[in-house]
Amino acid sequence: MKDLAVINIIVALERLGYSVYKNDTKPYNLNIVGIRATNPAINRFNDLMCVFWKYEGQWNIYKMQCTTLPGLHWLENPMNPKGCAILKEDQYKSTYSIDKHNGKYLALCQRLAEVTVYRDDDKDREYDMIASTEQTGMFGINIHRASAYKELERVNKNSAGCQVIQDPNEFQIHMDIVKKAGEMWGNSFTYTLINENDLLT
């Protein structure tokens with residue numbers, strides 16, 4: 001997915017009826033899009049996070065490997081008695097703001113509005129996204145990094161349902177972009193999660 005073009009993402013978003021932010025009077029009018037792999041690999045960073053914006057007629061994009069799914073530890077040992085959180089694919093408008101993840105470092109945090117998750121409660125090694133388990137609320141489904149120091153191969157405890165960027169250096173570039181966007185457009189961000197399949201139909 002790393003060679004994905006902006007136009008392919010825009011076409012998919014518009015086909016799904018989602019907003020695409022195209023006002024290019026100032027830079028960093030961000031579209032933040034997670035793309036979940038069609039065939040998820042347990043405990044791996046095999047999804048893609050894309051941050052793109054239009055300025056003076058030109059699209060700019062930054063892409064990062066991530067996971068949009070929880071790590072194996074939390075699948076097998078859910079924090080919530082109803083089950084481990086898996087963010088539902090949807091567009092969450094004006095839901096995120098720059099804040100401290102777990103009080104430790106700046107990330108994009110779910111502070112402004114609710115999101116919908118599935119609750120996977122069978123503690124096996126599969127991701128169960130079943131409509132009857134959906135729950136909507138303030139769950140702290142943040143967009144943050146895994147390790148502060150290195151690029152990890154396994155998700156493990158680094159996601160209990162959050163959207164987690166694999167490479168700390170890529171995450172820092174991402175946050176530099178987000179901070180500039182916050183200065184330009186305000187500390188409120190929309191996050192859209194789609195599936196790899198949405199790019200193909």
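We did not get these values from a lab; they are worked out from the coordinates using the rules stated. Not measured: the values here are computed from a predicted model. Reconstructed Cβ throughout: ideal geometry from the backbone, glycine too, with neighbour counts over all protein chains shown.
Tabulated data
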quantity	calculated
Directionally averaged shadow of segment 29-71, computed from the convex hull of its alpha-carbon atoms, nm²	3.2
Most fluctuating residue given options 166, 58, 91, as computed from a GNM of the chain linking Cα atoms under 10 Å	58
Centre separation in Å (Cα based) which lies between segment 117-183 and segment 1-22	21
DSSP-loop trypsin sites (Lys or Arg not before Pro) across segment 2-61, with at most 15 other Cβ within 10 angstrom	2, 22
Proximal lysines to residue 82, defined as alpha-carbon separation beneath 21 angstrom and excluding residues fewer than eight positions away on the same chain	123, 157
Karplus-derived HN-Hα couplings along segment 54-60 (A = 6.51, B = -1.76, C = 1.60, θ = phi - 60°), whole Hz, x at Gly and Pro	10, 8, 6, x, 10, 8, 10
Within straight-line cross-link reach of residue 26, lysines at Cα separation under 27 Å, skipping those fewer than 8 residues along the same chain	2, 54, 63, 93, 100, 179, 180
Neighbour-limited loop hits for GluC sites (Glu not before Pro), segment 148-199 (at most 12 other Cβ within 10 Å; DSSP other than H, G, I, E, B)	153
Sites matching trypsin sites (Lys or Arg not before Pro) across segment 71-178 that sit in DSSP coil, with at most 14 neighbouring C-beta atoms within 10 Å	82, 104, 123, 125, 150
